[in-house]
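See below for the structure under consideration.
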Amino acid sequence: MKTDNTQETDSIKEMETEILNNIQTCINCRMCVPMCPTYEGWITQSAFGRLAAINLHLKYGLGSIEELSRLIFSCANCRRCQERCKMLSTNVTPTDTIIKTRQLLARKAQEWGRN
Amino acid sequence: MNKSLKEVVPIPHIYIRGNILEKGNMLGVAGDKAAWAKDLNLPRNAEFTFFAGCGYQFMRYVEGMMKAAASMEKIGLGMERSIGISKVFGKIGINLPSITAKVTAAGKEDTYTIILVSAARILQKLGVDIGYMYEDEPCCGSPLYYSGFLDDYIENANKNFEVFKSLGIQRLIGLIPACTASLRDYYPKYVEGYDLEVYHFIEVVAQRLKETNIKPKLKEKLTIAYHDPCQLSRYLEIVDAPREVMASIKGLELREPDPEQCKQWSTCCGGGGLEAGSPELCERLGLRRVEELLNTGANVIVSHCPACVMQLKRSTEKMKADVNVMDLVEILDEALG
Ligand code: SF4
Ligand code: SF4
């Protein structure tokens with residue numbers, strides 16, 4: 001699928017490692033929770049909750065992939081959490097990590113489609 | 001265990017991908033691209049190249065589609081909302097540009113493409129030497145990135161870089177924050193040897209206003225609340241330039257919402273991409289943001305991104321709030337006379 005001038009893209013494993021490494025630096029301070037415009041009382045509507053769900057799914061297979069997809073696609077990519085995390089916490093880059101997880105899921109599905 | 005793409009990526013996002021890859025814009029409308037520039041006589045080559053992007057050019061279709069989608073919901077076709085609907089329309093033989101023409105003709109002007117004309121004129125008035133690529137301008141592909149299609153994004157970015165290079169383009173001025181962030185911050189990560197200089201319109205304007213003696217002035221006083229678009233404030237990290245520009249406009253009073261609701265902490269209005277997969281949530285975000293902005297007591301809401309402007313307009317209409325929503329470009333154009 002890749003053209004010659006296209007840089008080698010991360011493999012699925014590398015993407016997973018990058019995502020999980022980012023999440024490991026989260027200190028669970030939850031400072032990002034009230035920042036999230038989609039937060040309406042459920043923790044999974046926040047960056048912290050989305051990251052926790054990604055972690056549990058990738059590491060232990062918890063939750064269905066459809067449910068995970070629903071959670072990460074309900075993020076508005078607004079980076080308000082990321083700004084807060086960068087300033088007060090450990091710079092997990094929550095928004096970028098959520099987007100990276102979308103890319104991981106899409107790539108997995110495309111690979112499955114080819115096999 | 002194996003899942004198909006549509007089980008892990010919401011269907012509207014899959015449509016967006018198809019539209020960009022097949023039609024070169026996220027809505028998949030066949031193109032009168034560059035039509036907005038027909039009276040401007042912009043050269044193809046200049047010191048800076050104005051990057052118009054898809055948003056302002058196609059926003060009128062989104063509005064038209066949303067209206068059509070709302071009425072189609074009654075006959076059970078509304079589920080894919082705005083994005084996929086152009087496909088649905090195509091399948092059942094409805095000509096989308098003609099619907100939009102009708103919506104537009106029915107007393108509603110196209111308020112979006114005119115912003116491109118104004119922006120280009122503003123740059124010219126400020127003495128910036130700009131050119132335009134016309135139909136050669138590609139889609140930057142940023143929705144591909146956010147929807148999860150990284151490989152397609154990278155392929156598109158590399159293809160686009162070749163186009164820029166072959167046309168001898170070195171410096172871009174973007175107007176749409178998301179396109180500008182994509183071209184400035186993501187392309188260098190994925191395109192080897194990427195060396196284009198990318199600026200956002202408002203930075204250039206702020207700089208030129210400092211360097212020249214031009215003093216923008218409004219005929220009538222305006223009290224506004226400014227909504228920082230996420231892509232401008234937190235992706236491009238541009239929060240001072242629009243404020244410097246606003247401060248330079250005589251007759252303009254800026255009211256800021258609470259400090260934790262503006263600049264880099266600006267609350268998201270939901271306009272950037274949420275509509276595709278979570279329309280109800282998107283609507284709630286818009287209403288909450290408008291409330292924050294109205295609490296400032298301003299009677300005009302100003303932003304600087306086509307998606308935000310459209311979302312804020314829809315939200316104020318929904319709330320039946322008696323406020324105008326405008327793009328900063330419109331105000332500046334008026335103030336520069
Ligand atoms: S602010 Fe950062 S460190 Fe704190 S919970 Fe959120 S992601 Fe984790
Ligand atoms: S980027 Fe997503 S998770 Fe972070 S604050 Fe915005 S909507 Fe919430």
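The values are calculated or read from the model by the stated rules, or taken from the named source; none is laboratory data. The structure displayed is predicted, hence computed values, not measured ones. So basically every Cβ, Gly included, is an ideal-geometry build from the backbone, and we count neighbours across all protein chains shown. Note: accessible area is taken over every heavy atom of the protein model, side chains too, but ligands, DNA and RNA are not part of it. Shrake-Rupley method; radii C 1.70, N 1.55, O 1.52, S 1.80 Å.
Helix-only estimate, please: 222 nm mean residue ellipticity of chain A, summing -39500 (n - 2.57) across DSSP H runs of length 4 or more and dividing by its residues, to the nearest 500.
It lands at -18500 deg cm²/dmol.
At R0 = 56 Å, how high is the FRET efficiency between A:Met31 and B:Asn299 if r is their beta carbon distance? Nearest 0.05 is fine.
Efficiency computed from Cβ-Cβ geometry: 0.95.
Counting Lys and Arg as +1 and Asp and Glu as -1, each charge on the Cβ, what is the dipole of the range B:215-336 about the Cα centre in debye, to the nearest 20? Numbers along the way, then the final one.
Details: 16 positive and 20 negative charges, 44 e Å.
Dipole of the range B:215-336, to the nearest 20 debye: 220 debye.
Per residue, what accessible area does the range A:4-108 have, given a 1.4 Å probe and all protein chains present, in Å²?
Working: 4590 Å² over 105 residues.
Averaged over the residues of the range A:4-108, the accessible area is 44 Å².
Using a simple charge model, +1 on the beta-carbon of Lys and Arg, -1 on the beta-carbon of Asp and Glu, nothing else, what dipole does chain A show about its Cα centre, in debye to the nearest 20?
240
Ordering B:Glu256, B:Glu22 from largest to smallest accessible area (1.4 angstrom probe), what's the sequence?
Details: B:Glu256 65, B:Glu22 135 Å².
Final ranking, largest accessible area leading: B:Glu22, B:Glu256.
Distances over 20 Å make up what percent of all Cα-Cα pairs in the range B:178-337?
Tail of the P(r) past 20 Å holds 52 percent of the pairs.
Report in % the part of the accessible area of the range A:4-108 that belongs to carbon and sulfur, leaving out ligands and nucleic acids; probe 1.4 Å.
Solvent-exposed carbon and sulfur of the range A:4-108 make up 54 percent of the total.
Given 25 °C and 0.890 mPa s, compute D for the range A:4-108 with the Stokes-Einstein relation, Rh being the Kirkwood radius over Cα pairs; round to the nearest whole µm²/s.
177
Which value, in Å to one decimal place, does the Kirkwood hydrodynamic radius take for the range B:248-337 when every pair of different Cα atoms is included?
Numbers: mean 1/r = 0.0734 Å⁻¹.
One decimal place: 13.6 Å for the Kirkwood radius.
Which Cys in chain A stand alone, with every other cysteine's Cβ at 4.7 Å or more from theirs?
Singleton cysteines: A:Cys26, A:Cys29, A:Cys36, A:Cys75, A:Cys85.
Let me check something: with ligands and nucleic acids excluded, how do B:Asp240, A:Asp96 order by accessible area (1.4 Å probe), largest to smallest?
B:Asp240, A:Asp96
Search the structure for amide H atoms under 5 Å from the amide H of B:Val325, placed 1.01 Å from N in the peptide plane, and list their residues when 5 or more places away or on another chain.
B:Ile301
Among the residues of the range B:109-152, which ones have their accessible area go down by 40 Å² or more when all the protein chains sit together, as opposed to their chain alone (1.4 Å probe)?
Listed in order, they are B:Tyr145, B:Tyr146, B:Gly148, B:Leu150, B:Asp151.
Any idea of A:Ile23's accessible area? Nearest 10 Å², probe 1.4 Å.
Taking all protein chains as shown, A:Ile23 has close to 10 Å².
Give me the extension gain from B:Lys221 to B:Lys318: residue separation times 0.36 nm, minus the current Cα-Cα distance, reported in nm with one decimal.
Result for the pair: 32.3 nm of gain on full extension.
Accessible surface of B:Leu236 in the full protein assembly, 1.4 angstrom probe, to the nearest 10 Å²?
Roughly 10 Å² of B:Leu236 is accessible to a 1.4 Å probe.
What percent does the relative contact order of chain B come to when contacts are Cα pairs within less than 8 Å and at least six residues apart?
18
Take every DSSP beta bridge with both residues inside the range B:215-336 and express the antiparallel ones as a percent of the total, to the nearest 5.
Around 0 percent antiparallel, to the nearest 5.
At 222 nm, what value in deg cm²/dmol follows for chain B if DSSP H runs of at least 4 each add -39500 (n - 2.57) and the sum is divided by all its residues, to the nearest 500?
-14500 deg cm²/dmol
Of B:Gly251, B:Met326, B:Val302, whose Cα points farthest to the positive end of the dipole of the range B:215-336 (charges on the beta-carbon: +1 Lys, Arg; -1 Asp, Glu; origin at the Cα centre)?
Result: B:Gly251, furthest along the dipole toward the positive end.
Could you report the buried accessible area between A and B, both sides summed, computed with a 1.4 Å probe and given in Å² to the nearest 100?
3700
Taking every residue in B:262-273, how many Cβ atoms of other protein chains lie within 10 Å of its Cβ, on average?
4
What spacing in nm lies between the two simple spin-label points modelled at B:Glu211 and A:Leu20, each 7 Å away from Cα in the Cβ direction?
In this crude label model, B:Glu211 to A:Leu20 measures out at 5.1 nm.
Quick one: Kirkwood hydrodynamic radius for chain B, alpha-carbon pairs, angstrom, one decimal? Working shown, then result.
On the way: mean 1/r = 0.0485 Å⁻¹.
One decimal place: 20.6 Å for the Kirkwood radius.
Please arrange B:Tyr61, B:Tyr15 by accessible surface area, largest first, computed with a 1.4 Å probe and ligands excluded.
Working: B:Tyr61 10, B:Tyr15 45 Å².
Solvent-accessible surface, decreasing: B:Tyr15, B:Tyr61.
Springs between alpha-carbon pairs under 10 angstrom, Gaussian network model over chain B: which of B:Gly271, B:Gly28, B:Gly148 fluctuates most?
B:Gly148
Where does the protein assembly as shown land on Rg(C-alpha)/(2.2 N^0.38 Å)?
Normalised Rg, Cα atoms only: 0.95.
Specify which residue in the list B:Gly131, B:Val239, A:Pro37 is farthest towards the positive end of the charge dipole of the protein assembly as shown, using unit charges on the beta carbon of Lys, Arg (+1) and Asp, Glu (-1), about the Cα centre.
The one lying farthest along the dipole's positive direction is A:Pro37.
For B:Glu7 and B:Ala46, calculate 0.36 nm times their separation in residues minus their Cα-Cα distance, and state this gained length in nm to one decimal.
This chain segment gains 9.4 nm when fully extended.
Where the accessible area of the range B:250-326 is counted over protein heavy atoms with a 1.4 Å probe, how much of it, in %, is carbon and sulfur?
46
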